[in-house]
Structures are given as C-alpha cells and as structure tokens.
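Contents: one structure, followed by commentary.
The values are calculated or read from the model by the stated rules, or taken from the named source; none is laboratory data. None of the values given here were measured: they were computed from a predicted structure. Here the Cβ is made from the backbone with ideal geometry for all residues, glycine too, and neighbour counts use every protein chain on show.
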Amino acid sequence: MKDPRSDKQAFRKFLRVGGMVNEDFHRQDTPCSFYYKGMDGKTYILCIGPGGVWMILDENGNPITQPDTTVEHPCPPEYLKGLELSYTSVATLAIAEGKARDSTDTYDIIVTSPLTAVLPGDLDTGSEGSDTWYAVYVIGDTSDVNSPDSLISESFTSPTLPAGYNVFRRIGVARNDGSSDLIPFLQRDDSLTRRYWWRDEAGIFEVLSGGTDAAFTPVDLSVFMPPVSDDAILRVDAGDMTYVHLRPTGSTVTDPIKQYGPGTKSPGPLMVQVEMPTNSSQSIDYHVSGGGKKGQDDASITVEGFYDEL
C-alpha cells in the first residue's frame with residue numbers, strides 16, 4: 001500500500017485542506033483510503049481514485065477540488081507569522097498584518113490591517129521611564145467584540161490588559177534612551193526567531209573600549225540586549241597582533257572556540273562580526289592575548305544586534 005506522504009503533490013494538497021492536518025492517519029475499511037480530522041473539525045478522506053490519482057473527499061464522499069477558503073482555519077500550535085515590528089519615530093512603532101496563537105496557545109489573534117504602538121499612549125500601566133526595555137504585544141478579545149490591538153509593557157510575561165481584552169502574544173521588543181526616545185532598530189524575519197539590528201551611530205552601542213584584560217573579565221551587554229535574549233550579534237575590534245577570546249559569563253572553558261584577531265603572525269588590527277551566546281543576564285567574558293605594541297594589544301566590543309525568540 002502506498003503511503004500518501006510519499007506522493008508530494010497529493011500530500012501538499014492534503015495538508016492544505018482544513019488548514020493543519022493531524023499526523024495520525026487512520027485506515028478506512030476500503031483499500032488504500034485514509035481519513036483524518038481537519039483543524040476545522042471536519043472529517044476528510046484521502047483515497048486512490050480513477051487512474052491511481054490521490055483524491056480528497058469530504059465526509060459524505062464528495063470530491064474536494066479546493067480548500068474551503070471561506071472558513072478561517074485555526075493556526076497551528078505556537079504559530080506566529082507576520083506581525084513584524086518596525087521603528088517609525090521616537091515615540092511610535094508599527095506592527096504589520098499577521099497571525100499568532102496567544103500566549104496560552106489556545107486562541108488565535110488575527111491582525112488584518114497594520115497597527116501602531118505609541119509610547120506612552122499604549123503603555124499598559126504606569127508612566128514611561130527612560131533607558132528602559134519594553135515588550136510589545138498584540139492583544140485580542142475572544143468574544144470578537146473588540147478588534148486586535150497593540151500594547152506596550154515593561155512586563156515580558158504578564159502585561160496588564162485593557163478592558164475588553166483577555167489574550168495576548170508578545171511580538172517584539174523596544175528600548176528607549178535617557179531622553180525617553182525609542183532607539184531606532186530594524187527587525188528581520190517573520191517567524192518565531194527574529195533578528196534585531198541597531199540603526200544609530202555605532203559608538204552608542206559600544207560596551208567595551210580598548211579592553212586590555214589578560215584574564216577573563218565580564219562585559220555587560222544588557223543595555224543593548226533585552227532580558228529575553230541570550231544570543232548577541234557583536235562587532236569585535238582586535239588591536240595589532242592581538243587575539244580576543246570570548247565565552248558566556250559563567251563558563252569555565254579556558255580555551256574557548258570564539259577567538260578572533262590577527263595574532264602575532266599577521267600584524268594589523270582586525271574587525272569582525274560575531275554571533276555570540278550570552279548567559280541569562282546578557283553577559284559575556286573576554287580577555288586578550290598576543291604581543292602587540294603598547295596600546296595596540298586591546299579589544300573593543302559593540303552590540304550590533306541580537307536574536308529574539310518568540
């Protein structure tokens with residue numbers, strides 16, 4: 001008997017009907033036919049029709065040629081698509097159209113037109129601070145009385161929802177500076193993992209300048225990495241004839257894989273972009289080695305961006 005999953009074209013069609021398919025295939029009494037429950041709650045049958053072609057039938061045995069596009073099928077578990085976050089101004093963020101399961105993975109939040117999120121206007125509670133990380137959410141109403149909306153909160157797990165809303169999903173982060181202005185950024189990718197790139201002068205994001213420590217020393221990245229991230233995108237500048245050694249703070253490895261620099265055989269400074277894991281407090285350790293000239297055996301580290309797991 002041919003497994004329907006071995007026929008890619010038929011199986012892709014099979015997956016589309018009802019939105020999401022349960023992977024549990026049940027054989028019918030008739031040869032080479034299977035039934036399944038779609039995420040829309042209906043029963044569908046996959047069987048071999050005339051000429052050996054796979055067919056999809058409804059529960060009454062009627063052929064289905066196209067999925068029912070009039071029904072909004074539920075999103076798969078933990079789903080997040082679209083809802084990209086972007087910087088608009090010193091007080092405003094934009095949220096693109098998209099869909100997401102809520103934080104309890106029970107309800108769908110479907111945004112059909114772009115949203116804006118404004119500080120302090122869309123802050124859930126209290127007043128806007130400065131030099132503060134904020135979580136950005138889409139919120140929904142399971143009774144469908146209120147349309148999906150945006151919300152900003154200092155809480156990354158439990159925002160205070162306004163009246164009429166009872167579900168939420170975090171879709172990004174933002175930070176303001178000492179003047180309470182949002183710091184410009186770019187967010188890339190539209191799935192569960194999103195990259196952020198800072199969009200201001202590089203010197204603003206420098207967390208180590210001219211470091212010369214010969215023993216591993218912590219470097220705090222938390223000013224430019226949110227508390228939910230542990231994967232940094234760094235620029236490392238190594239001085240003349242210098243190696244820069246990096247590891248997450250808390251590691252006891254003495255010879256880490258993350259080593260960068262021209263070294264003693266290739267004199268001259270080096271600048272390199274590095275993806276670097278941190279500890280849960282957004283901290284890494286560094287030290288330098290080599291034999292550069294005085295004042296040149298040093299290292300500088302700049303946070304260019306980070307990854308956010310949603």
Inside the range 71-101, can you point out the residues that are of a type in the set (A, V, I, L, M, F, W, C), at negative phi and buried (at least 20 other Cβ atoms within 10 Å of the Cβ)?
-> Cys75, Leu80, Leu85, Leu93, Ile95, Ala100
Give, as residue ranges, the strands (runs of 3 or more DSSP E) completely inside the range 158-211 that count at least 2 residues that are closer than 22 Å to Val138 by Cβ.
-> 167-175, 185-188, 193-198
Somewhere in the range 195-210, is a residue farther than 30 Å from His245 by Cα and in contact with a strand residue (DSSP E or B) (Cβ under 9 Å, 6 or more places away or on another chain)?
-> no
With respect to Val207, is the statement that it is closer than 13 Å to Ile301 by Cα and surrounded by 15 or more Cβ atoms within 10 Å (Cβ to Cβ) true?
-> yes
Inspect the range 228-246 for any residue being surrounded by fewer than 15 Cβ atoms within 10 Å (Cβ to Cβ) and in contact with a strand residue (DSSP E or B) (Cβ under 8 Å, 6 or more places away or on another chain) and give the result as yes or no.
-> no
Residue, surrounded by the fewest Cβ atoms within 10 Å (Cβ to Cβ), within the range 132-179, restricted to residues that are acidic (Asp, Glu) and either touching a strand residue (DSSP E or B) at 6+ places or on another chain (Cβ under 7 Å) or free of Cβ contacts under 8 Å to residues at least 40 places away in the same chain (or both) = Asp144
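Every residue, every condition in (1) modelled with pLDDT under 90; (2) in a strand (DSSP E or B); (3) not hydrophobic (A, V, I, L, M, F, W, C), yes or no:
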residue: Gly268; (1), (2), (3): yes, no, yes
residue: Gln273; (1), (2), (3): no, yes, yes
residue: Asn279; (1), (2), (3): no, no, yes
residue: Ile284; (1), (2), (3): no, yes, no
residue: Lys294; (1), (2), (3): yes, no, yes
residue: Glu304; (1), (2), (3): no, yes, yes
